[in-house]
Amino acid sequence: MAGACAVDTGFVALGYAKVAALGVVQGITELLPISSTAHMRVVPALLGWQDPGSAFSAAMQLAALAAVASYFWSDIRRLAGESLAAAARRDFENSSLRMVVWIALATVPIILGGAALSGLLNQCHSPLRSLSVIGWACVGMAVLLALAELTARHRRSLSDATFVDAMMVGLAQVGALIPGVSRSGSSLTAALGLGFKREEAARFSFLLGLPAIALAGLKEIWELHKAHLDTHGWSVLAVGLVVASISAFAAIWGLMRVLERFSAWPFVIYRALLGVGLLTAVAKGFLH
């Protein structure tokens, strides 16, 4: 499996305990705007562990899906119920139905981008997963998030969202295909830049990202199935998913509290330090 390098399944060799530990890291960082991919490359490198591979990170999207769906269940249930009722009575001006359609359309860019880059992203030793690329991506997103915080009006709520807003946030998600950018980070930055309140920007980001998160996770599960992952491999992955789901839920709760009471600046500073630290470590030869 791993030897053929068609799909990187390095996580299997790590075993249950290490994958559980990485599940905690993945779950916490997946939904915070700090890049889970960066941490999934850095933490194993610092500990001397094998890179779990992009397949592990992508499959962990299902843990993020479970956490987001649980936390925002009331929003999801309302959107689903009202949009189905509106469609049945052909009320195409209904706000919930419009939002569901916008979310579906805003998912198209990342589907196309993911399909175009899937071969490069999933291969063993993908150049896009290099620590230098991740480091520069962390620094770049720290700058963009800082600019969003400095210029944003923080006045708009989700009820004010338009089709253009949804597409702008959807396009921003495409950047998350570059390891180190972060889907949460790119979409949150876009929503803040569009003038949404911090907590509303996060809510918009998560709701709009649900289809992308689901598709990414399910696609990777299918790729692992085609790679003939054995029973042991699936059981190792299951442990990571369970642990990551719990950690991701805690991460959403923490993110919403920080954005409601403070700002995104703690994440800006953390990303900048992480990116600069990575680039320095690579330049000095501490990490490879």
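The values are calculated or read from the model by the stated rules, or taken from the named source; none is laboratory data. Quick caveat: nothing in here was measured; it's all calculated off a predicted structure. Every residue, glycine among them, receives a Cβ derived from its backbone with ideal geometry; neighbour counts consider all protein chains shown.
Any idea how many residues of region 254-264 are under 19 Å from the mean Cα position of the chain (by Cα) and touching a residue at least 12 places away in the same chain (Cβ under 8 Å)?
5
Checking the conditions here, which among ALA115, ALA87 is within 19 Å of the chain's Cα centre (by Cα) and more than 26 Å from TYR270 (Cβ to Cβ)?
Testing whether each residue is within 19 Å of the chain's Cα centre (by Cα) and more than 26 Å from TYR270 (Cβ to Cβ) leaves just ALA115.
Take GLY170 and tell me if it is in contact with a Leu (Cβ under 8 Å, 6 or more places away or on another chain) and within 27 Å of ALA115 (Cβ to Cβ).
yes
If I go through region 201-225 residue by residue, how many of them are over 30 Å from ARG98 (Cβ atoms) and touching a residue at least 40 places away in the same chain (Cβ under 8 Å)?
Summing the residues that are over 30 Å from ARG98 (Cβ atoms) and touching a residue at least 40 places away in the same chain (Cβ under 8 Å) in region 201-225 gives 4.
Hey, can you tell me all the residues within region 114-155 that are modelled with pLDDT of 90 or more, crowded, with 21+ Cβ neighbours inside 10 Å and not aliphatic (A, V, I, L, M)?
Correct list: GLY135, CYS138.
Return only the number of the condition from (1) surrounded by 23 or more Cβ atoms within 10 Å (Cβ to Cβ); (2) under 19 Å from LEU144 (Cβ atoms) that ALA244 does not satisfy.
(2)
With the requirement that a residue be small (Gly, Ala, Ser), part of a helix (DSSP H, G or I) and crowded, with 21+ Cβ neighbours inside 10 Å, what does region 36-65 give you?
Within region 36-65, SER36, ALA38, SER54, ALA55, SER57, ALA58, ALA59, ALA63, ALA64 qualify.
Restricting to region 66-95, and then to whatever is polar (S, T, N, Q) and within 30 Å of SER247 (Cα to Cα), can you tell me which residue is surrounded by the fewest Cβ atoms within 10 Å (Cβ to Cβ)?
Looking at the filtered set, the residue picked out is SER74.
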